[in-house]
Ligand SMILES: NC(=O)c1ccc[n+]([C@@H]2O[C@H](COP(=O)([O-])OP(=O)(O)OC[C@H]3O[C@@H](n4cnc5c(N)ncnc54)[C@H](OP(=O)(O)O)[C@@H]3O)[C@@H](O)[C@H]2O)c1
């Protein structure tokens, strides 16, 4: 089968399009004929050996996909060949076929197209776990989203609005912030220009600060953000897209009684697949109600799919980037 292949751990410039053996589903697994895959930031990290879970080369990156079931492994019930599904097997999706344990197979509503489905389950599953399970976000609270035009960021903006929060979106350009406004953000902060982030947040909140902070960026942005949090606020540690892992000051955490909360969606989904499935079902309902609409910021073919990695690396992506494996759909 054709795939984007990591043949050695190194740089994303080492990725290539080539052939891999078609995988066979084991017991409790299905095989999917892949139609679309969305990139997630860990797809950039894994080929560089910078992610906590690693593939053994040669492997196809790609954590989440959508397509049709092509084969059922031993013991699989309740799913059918030909059924439209989204899957997040965490690796192997950028290929014509991928296998996935049934724990992370999500049948699709008829109205959900494959591009949307490929961009939905892992991303919005992360957001539900982050904002609801871990962050306990309440209607009426102020949510600050860093990297708000990114894949997880825009989903956090949308979900925050759907759950009744006031959402402040922070990003590095006016074009990116326009995408956040289109997804419902109440207030916009350009953290590449103007006053420091913390001053802008304080000005927008009458000096109180944000109640919940979604931080998928890290580095100096985390330092700025924790200084803009309300007393008793919750800071969600999602990721480090900027590269640096902030060492946050314990004295601020003490004085403002801040909760610093780690979010690890993959670890959660592996330990609690039933809760993961319930969360995604809740997000699918919000999608059916028209409250969530993944923004597809670019589509690529398998042949130019490595350009999607470059766009994400170069901070050019807005929303989700999708690689279409099957151009006939
Ligand atoms: N904890 C979890 O369970 C979980 C789940 C999914 C993802 N994540 C993590 O969340 C982070 C974001 O993932 P994503 O898929 O949303 O990525 P993404 O779509 O690329 O978004 C990342 C955002 O970070 C900002 N950024 C700041 N400095 C950057 C830099 N040097 N390079 C790239 N982006 C930079 C960019 O916005 P601006 O240009 O506006 O700053 C960009 O929009 C990653 O660290 C990922 O590993 C964690």
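Read the figures in this text as sums done on the coordinates, not as results from a lab. Note that the structure is a prediction, hence the values are computed from the model and not measured. Note that each Cβ is placed from the backbone with ideal geometry, even for glycine, and that neighbours are counted across all protein chains shown.
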Can you show me the helix-derived [θ] at 222 nm for the chain, built from DSSP H runs with n ≥ 4 at -39,500 (n - 2.57) apiece and divided by the number of residues, rounded to the nearest 500.
-7500 deg cm²/dmol
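By how many nm would the segment from residue 174 to residue 24 lengthen if fully extended, with 0.36 nm per residue of separation less the alpha-carbon distance? Could the numbers behind the result be given before it?
Values: separation 150, 0.36 × 150 = 54.00 nm, distance 4.66 nm.
Stretched out fully, the residue 174 to residue 24 stretch lengthens by 49.3 nm.
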Shape category assigned to region 136-265 from the gyration tensor of Cα positions, a/c cut at 1.5
rounded
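Kindly rank 84-92, 144-152 from highest to lowest mean number of other beta carbons found within 10 Å of each residue.
Output ranking for 84-92, 144-152: 144-152, 84-92.
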I need the fraction of alpha carbon pairs in the chain separated by more than 32 Å, rounded to a whole percent.
27
Contour minus end-to-end for residue 190 and residue 74, with contour as 0.36 nm per residue of separation and end-to-end as the Cα-Cα distance?
36.5 nm
Grab the Cα-Cα distance for residue 244 and residue 288, subtract it from 0.36 nm times how many residues apart they are, and report the gain in nm with one decimal.
12.1 nm
Got a sec? Which residues in region 269-292 would a label at residue 132 touch, if it sits 7 Å along Cα→Cβ and we count backbone N under 12 Å?
275-287
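Taking other Cβ within 10 Å of each residue's Cβ, how do 183, 310, 324 sort, fewest first? It would help to have the intermediate numbers written out before the result.
Working: 183 24, 310 15, 324 19.
Result, fewest neighbours first: 310, 324, 183.
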Shape call for region 65-178, from the Cα gyration tensor axes a ≥ b ≥ c (a/c under 1.5 means rounded, otherwise prolate when a/b beats b/c, else oblate), comes out prolate
Going 7 Å from the Cα of residue 299 along its beta-carbon direction, which residues of region 119-140 have the amide nitrogen within less than 13 Å of the resulting point?
119
